[in-house]
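**Q** Provided herewith is a single structure, encoded as structure tokens, for subsequent inquiry.
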Amino acid sequence: MTTRQDKIPWYTKLFYGSADFGFAFVDSCVAVLFAIFLTDMVGLPARMAALAIFIGKSWDYINDPIIGYICDRTRSRWGRRPYLLFGFIPFGISFLMMWWVPSFSNQWALVAYYAAAYFFFDTMVTFVTMPYFALTPELTQDYDERTSLTSYRMAFSLIGGLVAFVVPLMIVGETVPANVDRALLMGFIFAIASALPLLLTFFGTREKREYAEQKQPSIRESLRAARKNRPFIFAMGIFLFTWTAMSIIENQLFYFLEYRMALEDEAPIVAGTVFISAILVLPFWVWASKKTDKRKAYIAGMVFLAAVMITLIFIPPTLGLWLVLTLAAMAGVGVSAVHVLPWAMIPDAVEVDELESGARHEGVFYALVTLFRKVASSIAIPLALLLLDASGFVSNAPEQTAGAQNAIRFLMGPLPSIFLLGGIAFAFFYPLTRQVHHETREKIAAQHTNAD
């Protein structure tokens, strides 16, 4: 049962969730547009674009655990939230830098610039997202209330994703070199729109005081706690495979719609359909999680999403927009589950850590989750671009070879479905049911009572 102290007012959930609009927007915008921005607007070959992205994202191998550790050791009257207050301006500037085209004639100089811009962007994203993610288990300990809190956050996340898929292309227009100034204008507008919600979260939330007063863990203790936490290992596997699949789908969606389905002009409508469907279905996944548990609801959602993605690649372009929109709406059902359920599992694993170690390591736990996701994406997305390059893909060409068409279909359907199946395999062995989590909380409460 949800106790009064675990119940979160709806307005606190709104303030907390609002920041994820900006995080989701920049993440989706970069995932969807940055590769095609580099190839079709800046004019880099796909292999050089892949190199810039790989170099820029590889910094995450180091910065995520370091910043997560710093976050865990932060003690202030504002808890972890000062990172949101002092980080929102650098966060916005770093996003703007991604869409500027310097007047370099040398392509290797452009690769160096975009690798450095990506490097700075990822660093700033980590500084503001790591303490933000770690707030979830500190705002409530209740199993179902965490799912509800996550659903508020993911509503903003999906709205941010929806805006990222639709509005930037409305501002930029065609992804051709003549429109680079429009890309910079888009970056400026959304640097502001993505950064300002961080202030709402800073002023609108409060962590529980007892968490801020707990001892500061060492990095070795935090890593040891993560390694020994079996539920966290499985939750991390679920998160890793699921979001790697989503990163590939996001990266390839516009390639698929433009070069396979000949729906370049309708791409924002298709993407918008996915996200609107996902937003509308969010309450269903909260209900399904309460009726069964997070693990079973997740498995059902991922099986459904994989089936839709496989079906999509067999649709011939001649069947038109309406069938694609129908499948996009169905895909949104699975995308909604992706956004709610893996994120809602992580805080429960943090509780097991407190029971086993007597301390809390949220920052490092979330750092490891996002680190492994970014490592996978930093490999999977450049490899996808390299596969496109090897298949004979030519940017802005109205007709693509059969090899390029097949590569785009493979990257849109079978490859992400394989990753979704990997997430399902981890979910089968995820040990934290509703009952186990309830027992864990009771044991933690007993420990606190004995300590007092």
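**Q** Of all residues in the range 375-425, how many are crowded, with 21+ Cβ neighbours inside 10 Å and among the aromatic types (Phe, Trp, Tyr)?
**A** 2
**Q** Any residue in the range 19-44 that is more than 21 Å from residue 109 (Cβ to Cβ) and polar (S, T, N, Q) sitting within a Cβ distance under 8 Å of a residue that is surrounded by fewer than 24 Cβ atoms within 10 Å (Cβ to Cβ) and at pLDDT 90 or above? List the pairs, counting only those 6 or more apart or interchain.
**A** No pair meets every condition.
**Q** Do the conditions hold for residue 393, that is, is it touching a residue at least 60 places away in the same chain (Cβ under 8 Å) and farther than 25 Å from residue 423 by Cα?
**A** Yes: the conditions hold for residue 393.
**Q** If the requirement is being hydrophobic (A, V, I, L, M, F, W, C) and either without any contact (Cβ under 8 Å) to a residue 60 or more places away in the chain or not in a helix (DSSP H, G or I) (or both), which of these qualifies: 127, 120?
**A** Being hydrophobic (A, V, I, L, M, F, W, C) and either without any contact (Cβ under 8 Å) to a residue 60 or more places away in the chain or not in a helix (DSSP H, G or I) (or both) holds for just one of 127, 120, which is 120.
**Q** Which count do you get for residues in the range 404-452 that are in a loop (DSSP other than H, G, I, E, B) and either modelled with pLDDT of 70 or more or under 19 Å from residue 295 (Cα atoms) (or both)? So that I can check it myself, show each step before the final result.
**A** Residues of the range 404-452 that are in a loop (DSSP other than H, G, I, E, B), as a first pass: 413, 429-433, 452.
Within this subset, residues satisfying the condition of being either modelled with pLDDT of 70 or more or under 19 Å from residue 295 (Cα atoms) (or both) are 413, 429-433.
Going through the range 404-452 one residue at a time, the tally reaches 6.
**Q** Oh, and also: Just to be sure, is residue 144 in contact with a helix residue (DSSP H, G or I) (Cβ under 6 Å, 6 or more places away or on another chain), over 29 Å from residue 56 (Cβ atoms) and part of a helix (DSSP H, G or I)?
**A** It is true that residue 144 is in contact with a helix residue (DSSP H, G or I) (Cβ under 6 Å, 6 or more places away or on another chain), over 29 Å from residue 56 (Cβ atoms) and part of a helix (DSSP H, G or I).
**Q** If residue 63 satisfies all but one of (1) modelled with pLDDT of 80 or more; (2) outside any loop (DSSP other than H, G, I, E, B), what's the number of the condition it fails?
**A** Checking residue 63 against (1) modelled with pLDDT of 80 or more; (2) outside any loop (DSSP other than H, G, I, E, B), the one that fails is (1).
**Q** Further question: Can you find, within the range 393-403, the residue that is modelled with the highest pLDDT among those that are of a type outside the set (Phe, Trp, Tyr) and not in a helix (DSSP H, G or I)?
**A** This residue is 401.
**Q** Any residue that is out of contact with any Gly (no Cβ under 6 Å at 6 or more places or on another chain), within 28 Å of residue 352 (Cα to Cα) and acidic (Asp, Glu) - is there at least one of those in the range 231-253?
**A** For the range 231-253, residues out of contact with any Gly (no Cβ under 6 Å at 6 or more places or on another chain), within 28 Å of residue 352 (Cα to Cα) and acidic (Asp, Glu): absent.
**Q** Out of 349, 380, which single residue is over 14 Å from the mean Cα position of the chain (by Cα), closer than 17 Å to residue 250 by Cβ and modelled with pLDDT of 75 or more?
**A** Just a single option satisfies the conditions, and that option is 380.
**Q** Identify, please: which residue in the range 173-198 is buried (at least 17 other Cβ atoms within 10 Å of the Cβ), more than 14 Å from residue 98 (Cα to Cα) and more than 21 Å from the chain's Cα centre (by Cα) and is, among those, modelled with the highest pLDDT?
**A** 179
**Q** Considering the range 364-413 alone, what residues qualify as being on the phi > 0 side of the Ramachandran plot and not small (Gly, Ala, Ser)?
**A** Residue satisfying the conditions is 396 alone.
**Q** What is the residue count in the range 285-310 for residues that are more than 21 Å from residue 243 (Cβ to Cβ) and without any contact (Cβ under 8 Å) to a residue 60 or more places away in the chain? Please lay out each step first, then the result.
**A** Within the range 285-310, the first condition is being more than 21 Å from residue 243 (Cβ to Cβ), and the residues that meet it are 287, 290-292.
If we keep only those that are without any contact (Cβ under 8 Å) to a residue 60 or more places away in the chain as well, we get 287, 291-292.
Total meeting the criteria: 3.
**Q** Among the listed residues 304, 314, identify the single one that is of a type in the set (Phe, Trp, Tyr), surrounded by fewer than 17 Cβ atoms within 10 Å (Cβ to Cβ) and in a loop (DSSP other than H, G, I, E, B).
**A** After ruling out the rest, the residue left standing is 314.
**Q** Buried (at least 23 other Cβ atoms within 10 Å of the Cβ) and over 22 Å from residue 50 (Cβ atoms): does that describe residue 225?
**A** Considered against the rule, which asks whether it is buried (at least 23 other Cβ atoms within 10 Å of the Cβ) and over 22 Å from residue 50 (Cβ atoms), residue 225 comes out as yes.
**Q** Quick check on this structure: which one of 289, 277 is surrounded by 17 or more Cβ atoms within 10 Å (Cβ to Cβ) and modelled with pLDDT under 90?
**A** Numbers: 277 fails: modelled with pLDDT under 90.
The unique qualifying residue is 289.
**Q** How about the range 262-272: which of its residues are surrounded by fewer than 22 Cβ atoms within 10 Å (Cβ to Cβ) and in contact with a helix residue (DSSP H, G or I) (Cβ under 8 Å, 6 or more places away or on another chain)?
**A** Filtering the range 262-272 for residues surrounded by fewer than 22 Cβ atoms within 10 Å (Cβ to Cβ) gives 262-269, 272.
Across the range 262-272, the qualifying residues are 262, 263, 264, 266, 267, 268, 269, 272.
**Q** Just the residues that are touching a residue at least 60 places away in the same chain (Cβ under 8 Å), outside any helix (DSSP H, G or I) and touching a Leu at 6+ places or on another chain (Cβ under 7 Å), please, taken from the range 81-117.
**A** 99, 100
The values are calculated or read from the model by the stated rules, or taken from the named source; none is laboratory data. For clarity, every value in this text was computed on a predicted model and none was experimentally measured. No Cβ is skipped: glycine too gets one built from the backbone with ideal geometry, and neighbour counts run over all protein chains shown.
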